[in-house]
Amino acid sequence: MSRQLVSSGRPWERIVGYSRAVRAGNMVFVGGTAASAPDGSTYAPGDAYAQAKRCFDIVEEALAEAGAKLSDVVRTRMFVTDISRWQEFGRAHAERFAQIRPGLTMVEVRALLDPEMLVEVEVDAVIEG
C-alpha cells in the first residue's frame, strides 16, 4: 500500500514526529488541527466559531494535498474546551458538512496546547474510485 505524508511545515512536526495528514491507499487521516494563523499564533482568540471555521480551512487544504476533498470525509472529531459553546463549533461544522453528514464526535477536553485554542479537529476520509 502506498503512503503519502502531508506536512504543514510547522517545526513541531519534526520535534513531535507527526504529519498534518497521512494518505494510506484510498484513506486519508488528518491529525489534530487547531486554529493557527500563518505565523503560528492562535487564530481568532476567544471566537469559537471563527476558530472552528479556520480548523476546517486547514483540514480542507491538507485533504486537497492528499488528493481528497471534503465530500470524501466519513468521520470528524472535534475536541473543544467549552462544550457549552457546541452551537458555535457545530455551526462551522454544518457549513462544511451539512450535505456530506460524516460521523461526528464532539467532546470537551480540559485544555489544548495553547490556552487561547478553543477547538481541535480531526477527520478521516475515504477516496472513492
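When R23, R10, R3, R54 are checked against the criterion of being surrounded by 12 or more Cβ atoms within 10 Å (Cβ to Cβ), touching a strand residue (DSSP E or B) at 6+ places or on another chain (Cβ under 7 Å), on the phi < 0 side of the Ramachandran plot and charged (D, E, K, R), R23 stands alone in meeting it. Does at least one position in the range 108-129 carry a residue that is among the hydrophobic types (A, V, I, L, M, F, W, C), touching a Leu at 6+ places or on another chain (Cβ under 7 Å) and surrounded by 18 or more Cβ atoms within 10 Å (Cβ to Cβ)? Taking every residue of the range 108-129 in turn, at least one turns out to be among the hydrophobic types (A, V, I, L, M, F, W, C), touching a Leu at 6+ places or on another chain (Cβ under 7 Å) and surrounded by 18 or more Cβ atoms within 10 Å (Cβ to Cβ). Just one residue in the set Y18, Y49 is aromatic (F, W, Y) and modelled with pLDDT of 95 or more; that residue is Y49. Elements of the type strands (runs of 3 or more DSSP E) sitting completely within the range 12-123 and holding at least 1 residues that are under 14 Å from the mean Cα position of the chain (by Cα) and more than 23 Å from M1 (Cβ to Cβ): these cover 27-34, 73-80, 103-108.
Suppose we keep only residues that are of a type in the set (A, V, I, L, M) and assigned to a strand (DSSP E or B) within the range 1-11. Which one would you say is nearest to the chain's Cα centre (by Cα)?
Going through the range 1-11, the residues of a type in the set (A, V, I, L, M) turn out to be 1, 5-6.
Next, from what is left, pick out any that are assigned to a strand (DSSP E or B): 5-6.
Numbers: L5: 16, V6: 13 Å.
Ranking the qualifying residues of the range 1-11, first place goes to V6.
Restricting attention to the range 79-107, the residues that are over 20 Å from V22 (Cβ atoms) and either among the small types (G, A, S) or crowded, with 16+ Cβ neighbours inside 10 Å (or both) add up to 14.
Looking at the structure I just gave you, is E61 acidic (D, E) and either crowded, with 17+ Cβ neighbours inside 10 Å or on the phi > 0 side of the Ramachandran plot (or both)? Walk me through how you get there before you give the answer.
On the way: acidic (D, E): yes; either crowded, with 17+ Cβ neighbours inside 10 Å or on the phi > 0 side of the Ramachandran plot (or both): no.
So E61 fails the test.
Cβ-Cβ below 8 Å, separation at least six or inter-chain, first residue in the range 19-38 and closer than 17 Å to R77 by Cα, second surrounded by fewer than 15 Cβ atoms within 10 Å (Cβ to Cβ) and among the basic types (K, R): which pairs? Listed by first residue and then by second, the contacts come to V22/R3.
The listed residues are E120, E128, E88, and the only one of them that is among the acidic types (D, E) and closer than 23 Å to G9 by Cβ turns out to be E120.
The values are calculated or read from the model by the stated rules, or taken from the named source; none is laboratory data. The model shown is predicted, which means the values in this text are computed figures rather than measured ones. Reconstructed Cβ throughout: ideal geometry from the backbone, glycine too, with neighbour counts over all protein chains shown.
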